[in-house]
Structure formats: structure tokens, C-alpha cells
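Bear in mind that the values in this text are calculations on the coordinates, not laboratory data. Fair warning: this is a prediction, and the values are worked out from it, not measured in the lab. Counting neighbours? That spans all protein chains shown, and the Cβs are built from the backbone with ideal geometry, glycine included.
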Amino acid sequence: MKIIAILGSPREQSASSAIVKTILKGAEENGHVCSVYEVNKMNLKGCQACGNCKKNEIDCVLNDDLKMYWNDLHEADVLIVSSPNYHANVCGPMISFLNRHYCLRKKDRTLRLKAGKKLIGVFSQGNSDVNGYESAYKWFLSRFEAYGMELQDIIVHTEAIPVTDDAEIIKRAYELGQKL
Ligand SMILES: Cc1cc2nc3c(=O)[nH]c(=O)nc-3n(C[C@H](O)[C@H](O)[C@H](O)COP(=O)(O)O)c2cc1C
């Protein structure tokens with residue numbers, strides 16, 4: 001299977017990125033092929049509302065670091081999106097990333113993306129209440145579900161604790177990757 005992972009955190013020691021990388025480790029051990037996009041290191045614009053995608057029924061034409069992503073996405077079986085929680089929601093670059101998917105729906109509302117890709121969300125927050133931002137995470141993931149993806153799992157890391165290799169959440173992430 002082909003797996004795409006989007007790392008939303010700008011931090012080198014990011015908890016959300018560590019969890020995603022562990023999912024990928026488990027998946028790669030089973031022979032799955034993974035590609036990683038680190039949004040903070042990319043030149044990634046938000047949607048420019050140019051309308052090219054709708055007029056011509058094509059992937060986003062913006063010439064930035066998301067250019068390679070569209071082919072990857074069409075071929076992928078799994079999309080993993082991750083983000084730190086900033087102000088009770090996903091971080092800004094992940095909203096820009098989401099908005100670029102506008103190209104996947106035609107003017108007649110039908111989809112340009114093959115349905116049934118698996119979707120996994122990984123979020124990290126300071127709040128100790130694991131359900132504290134449930135509605136924000138569910139909203140974010142629902143936008144990808146609206147493009148035909150099927151939600152497989154959500155991992156929420158709390159209290160901004162640095163993740164260690166023996167942490168329960170890391171074990172869970174590894175097992176999730178192994179099951180893909
Ligand atoms: C700008 C900013 C806003 C934040 N807002 C919240 C918030 O509203 N709620 C919360 O629980 N944590 C908040 N945090 C804490 C982060 O979500 C937390 O440190 C998280 O573990 C970072 O994830 P990462 O390690 O993957 O970067 C905020 C952090 C920053 C830098």
C-alpha cells in the first residue's frame with residue numbers, strides 16, 4: 001500500500017510528528033511505501049480561488065511544494081494528517097493544506113478522487129482532556145471524509161508531554177501502522 005503522511009508541527013521535537021513517524025515505522029516494516037510532507041518546511045500557499053481546477057477539472061495548478069502531492073494522493077491508499085493544537089484547532093498551515101483540496105470536487109459536485117482511501121488523524125495538545133477539542137478534530141477530518149476518505153483512527157496526544165519510545169501512545173501508533 002502507499003501511505004502519505006502530512007506533518008503539521010513546526011517543532012523538531014514534535015509529539016504529533018513522532019507519533020506519525022511511529023505509525024510509518026510499523027507500516028514500512030510490513031512493506032508499505034510511505035511519503036512524508038512536512039508543511040512547515042514547504043512553500044505551501046493557501047487556495048488562491050483562481051477557479052482553474054473547477055473550470056478544467058484538474059488538480060490544483062499552483063506552482064509550489066504541493067505540486068508533487070496530487071499524484072501521490074491519487075495513488076495513495078492511506079492519508080495521515082497531523083497537527084499540533086493551536087488556539088483550540090489545527091495549526092494554520094494545515095488549514096491552508098486542507099483548503100487546497102478544493103480541486104478534488106468538480107462543479108457538478110462529483111469527486112475527482114477515487115473514494116475509499118483510509119484517513120488517520122494525529123493531534124497533539126496541551127490540554128489534559130483528551131476530548132477537549134474533539135469537535136475541532138472531527139470537523140477537520142470530516143472535510144477529508146467529504147472527499148471520499150474513510151476515517152480509520154484518531155490519535156490525540158495530551159498535556160504536551162514529550163513522547164518517549166516506551167509511551168503507551170507510541171505503542172498504539174506502532175500497532176496501528178502494523179495493522180495497515
Ligand atoms: C500558538 C500556540 C497555541 C496553542 N494553543 C493551544 C490550545 O488552544 N490548546 C491546547 O491544549 N494547547 C495549545 N497549545 C499547545 C500545543 O498544542 C502543544 O504544545 C502540542 O503538544 C504541540 O504539538 P507538537 O509537539 O506536535 O508540536 C498551543 C501552542 C502554541 C505554540
Kindly express, to the nearest 10 degrees and within the range 0 to 90, the angle between helix 15-29's C-alpha long axis and the longest C-alpha principal axis of the chain. 80
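Looking at the range 2-179 only, what percent of DSSP beta bridges run antiparallel? Nearest 5 please. Kindly include the intermediate steps, with their values, before the conclusion.
Numbers: 3 of 27 bridges.
If I count the DSSP bridges inside the range 2-179, around 10 percent turn out antiparallel.
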Lysines within cross-link reach of Lys179: Cα-Cα under 21 Å, excluding same-chain residues under 8 positions apart? Lys2, Lys21, Lys25, Lys117, Lys118, Lys171
In degrees, nearest ten, helix 168-179 long axis to first principal axis of the chain (Cα): 50
By a straight-distance test (C-alpha under 14 Å), which aspartates and glutamates pair with Lys41 as possible cross-link partners, with residues fewer than eight away in the same chain excluded? Glu12, Asp64, Asp65
Please determine, in degrees from 0 to 90 and to the nearest 10, the orientation of helix 134-145 with respect to the longest principal axis defined by the Cα atoms of the chain, where the helix direction is its Cα long axis. 40
Compactness of the chain as Cα Rg over 2.2 N^0.38 Å, two decimals: 1.00
Report the normalised scattering of the range 123-180 as log10 I(q)/I(0) at q = 0.12, 0.20, 0.23 Å⁻¹, calculated by the Debye formula with identical scatterers on the alpha carbons. -0.35, -0.88, -1.03
For the peptides 86-93, 1-8, what is the packing order when you average, over each peptide's residues, the other Cβ atoms within 10 Å and list the highest mean first? 1-8, 86-93
